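This report refers to the structure that appears directly beneath it.
The values are calculated or read from the model by the stated rules, or taken from the named source; none is laboratory data. Remember, predicted model here, so these are calculated numbers, not experimental data. Note that we place each Cβ from the backbone using ideal geometry, even for glycine, and neighbour counts take in every protein chain shown. We work out accessible area using only protein heavy atoms, side chains counted, and drop any ligands, DNA or RNA first. Shrake-Rupley method; radii C 1.70, N 1.55, O 1.52, S 1.80 Å.
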Amino acid sequence: MHVGTQGRRLGAFPFEQQRETRDSVGRARRVKVHRHGSRVSGDNVGKAAASEPPRTQTQRTMRGGAAGRGAALRAEEPGDEDSAAAGYYDDAPGGEDGVLGFSDSLNGEVKPRILLMGMRRSGKSSIQKVVFHKMSPNETLFLESTNKICREDVSSSSFVSFQIWDFPGQIDFFDPTFDYEMIFRGTGALIFVIDSQDDYVEALSRLHLTVTRAYKVNPEINFEVFIHKVDGLSDDNKIEKQRDIQKRASDDLADAALEHIHLSFYLTSIYDHSIFEAFSKVVQKLIPQLPTLENLLNIFISNSGIEKAFLFDVVSKINIATDSSPVDMQTYELCCDMIDVVIDISCIYGLTDSEAGLPYDEESMAIIHLNNTTVMYLKEVTKFLAIVCFVRKESFERKAIQEVFDVRVEVQQNRELLSQRRWSKLTVTNGGPSNPQ
Ligand SMILES: Nc1nc2c(ncn2[C@@H]2O[C@H](COP(=O)(O)OP(=O)(O)OP(=O)(O)O)[C@@H](O)[C@H]2O)c(=O)[nH]1
């Protein structure tokens, strides 16, 4: 396997130092990746966030105080939103954060919201922490119950940009301080989490109430149901539970003459890749450019000898898009593992203490030969995105992949050359030096 990060030396540490690096630097670097992953738009916000502990820095929270809350809500959604949900919003320590977090309003962009709802202890915060904060599943055992709505901005590129709102277990729709109209109006997807290891009768009636309320306010919401914690169930049991939950939820909607509301169901667990796969599908539905991206990947694979190509957000391991050939869970898992390996190896061996670099940059790439004549190829595409390709050994040896990426490098070089020439022309015309330097 080759892992490249700005040509840094690999494998040069003595063993003891390696361990130390892993414990102290490796972890710190990981946090760094995550910091840049959970970005807040706007320079000031980013700078302020950099010096804060991970939790406050990435969770955009609303201020409990009327002024702060009012400012924040006005900034995001013009209109009379001030009354919204005083008791439900998180109190941000060091209030500035809450206000600045609403950077959408500063550039006029409104990010779609993904809401995480469900009964207490169903696993909502764990899902958010594992997918977006790289928390290990076991650490979620120590998570405290969420009392207020916690909000986080995720923007991995120009086409992946949304907010996640993690709700406390029980929301009282009849509580006058809970302005659900305001919340549902800007929502792109509502994820309702059901604990499959618990009795789910109450959860189903909550699901029904939530869906019908939300639909009334905004019929455009995608309703996604995570049948969660399936790691404790046998395969048969999983299918049985899914069938039962699906049927009961559909029956409830049919009884209310709302059978036209579409619910999507996913079997998920934070202990395997199912949660990343499910979240990928939820996010993909919110990407307007998805058909174009799929088309580009189709063209890409049909002209390069590559069998399958995925575009991934490196931080969250969300699969942004793939070509239209079928995906199986195992392939998806391999991609996630490869991303982990690249980041981990870069953190441990790719950086030195004196360098403030990131473990993922424009020179990041990796090649893994599997034991079944398949080769996996990962290459940086943008600061936050990677393309992961599966290619047969024969095609790889014909250097199909290298040719594809060499073309990209050549095109870039030609562009640079062209712009340099233009620049020289311009400076000569203006009587300046002909060299752009
Ligand atoms: N077995 C298993 N346990 C999980 C899974 N996801 C979360 N849990 C556990 O479920 C418990 C509750 O998780 P939380 O994330 O705090 O639940 P929550 O829905 O945010 O809870 P509230 O904040 O009270 O609404 C924790 O002990 C987690 O470790 C999973 O996929 N499988």
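Looking at VAL283, is it more than 16 Å from the chain's Cα centre (by Cα) and open to solvent by less than 10 Å² (accessible area, probe 1.4 Å)? No, not satisfied. Would you check if VAL342 is in contact with a strand residue (DSSP E or B) (Cβ under 7 Å, 6 or more places away or on another chain) and assigned to a strand (DSSP E or B)? Against the criterion (in contact with a strand residue (DSSP E or B) (Cβ under 7 Å, 6 or more places away or on another chain) and assigned to a strand (DSSP E or B)), VAL342 does not qualify. Cβ-Cβ contacts under 8 Å between residues 6 or more apart (or on different chains), taken from a first residue in the stretch 221-237 that is over 30 Å from HIS260 (Cβ atoms) to a second residue that is more than 9 Å from the ligand (Cβ to nearest atom) and part of a helix (DSSP H, G or I), are listed as LEU233/LYS241. When the test is whether a residue is more than 8 Å from the ligand (Cβ to nearest atom), of a type in the set (Ser, Thr, Tyr) and closer than 23 Å to LEU311 by Cα, SER155 passes it.
Quick check, is GLY118 closer than 18 Å to HIS228 by Cα and surrounded by fewer than 21 Cβ atoms within 10 Å (Cβ to Cβ)? Lay out the reasoning, then the answer.
On the way: closer than 18 Å to HIS228 by Cα: yes; surrounded by fewer than 21 Cβ atoms within 10 Å (Cβ to Cβ): no.
Judged against the criteria, GLY118 is not a match.
Residue pairs whose Cβ atoms lie under 7 Å apart, separated by 6 or more positions or on different chains, with the first residue in the stretch 172-201 and aromatic (Phe, Trp, Tyr) and the second at pLDDT below 90 and within 14 Å of the ligand (Cβ to nearest atom), are PHE178/TYR88; PHE178/ILE171; PHE178/ASP172.
This table checks each residue for (1) within 16 Å of the ligand (Cβ to nearest atom); (2) touching a strand residue (DSSP E or B) at 6+ places or on another chain (Cβ under 8 Å); (3) small (Gly, Ala, Ser).
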residue: GLN170; (1), (2), (3): yes, no, no
residue: PRO176; (1), (2), (3): no, no, no
residue: ALA203; (1), (2), (3): yes, yes, yes
residue: VAL211; (1), (2), (3): no, yes, no
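Search the stretch 244-262 for residues being assigned to a loop (DSSP other than H, G, I, E, B) and open to solvent by 30 Å² or more (accessible area, probe 1.4 Å), and hand back the single one that is farthest from the ligand (Cβ to nearest atom). If we take residues in the stretch 244-262 being assigned to a loop (DSSP other than H, G, I, E, B) and open to solvent by 30 Å² or more (accessible area, probe 1.4 Å), then ALA257 is farthest from the ligand (Cβ to nearest atom). A single entry from PHE265, PHE279 fulfils the requirement of being in contact with a helix residue (DSSP H, G or I) (Cβ under 8 Å, 6 or more places away or on another chain), within 16 Å of the ligand (Cβ to nearest atom), assigned to a helix (DSSP H, G or I) and within 26 Å of GLN128 (Cα to Cα): PHE279.
Is there a residue being touching a residue at least 24 places away in the same chain (Cβ under 8 Å) and open to solvent by 30 Å² or more (accessible area, probe 1.4 Å) anywhere in the stretch 304-318?
Looking through the stretch 304-318, at least one residue is touching a residue at least 24 places away in the same chain (Cβ under 8 Å) and open to solvent by 30 Å² or more (accessible area, probe 1.4 Å).
Answer with yes or no whether ILE194 is open to solvent by less than 30 Å² (accessible area, probe 1.4 Å), among the β-branched types (Val, Ile, Thr) and within 20 Å of GLU277 (Cβ to Cβ). For ILE194, the condition - open to solvent by less than 30 Å² (accessible area, probe 1.4 Å), among the β-branched types (Val, Ile, Thr) and within 20 Å of GLU277 (Cβ to Cβ) - is met.
Kindly evaluate SER145 against the criterion of being at pLDDT below 90, more than 28 Å from HIS260 (Cβ to Cβ) and more than 9 Å from the ligand (Cβ to nearest atom). When the stated conditions are applied, SER145 does not pass them. Residues in the stretch 224-241 include none that are more than 14 Å from the ligand (Cβ to nearest atom), outside any loop (DSSP other than H, G, I, E, B) and of a type in the set (Phe, Trp, Tyr).
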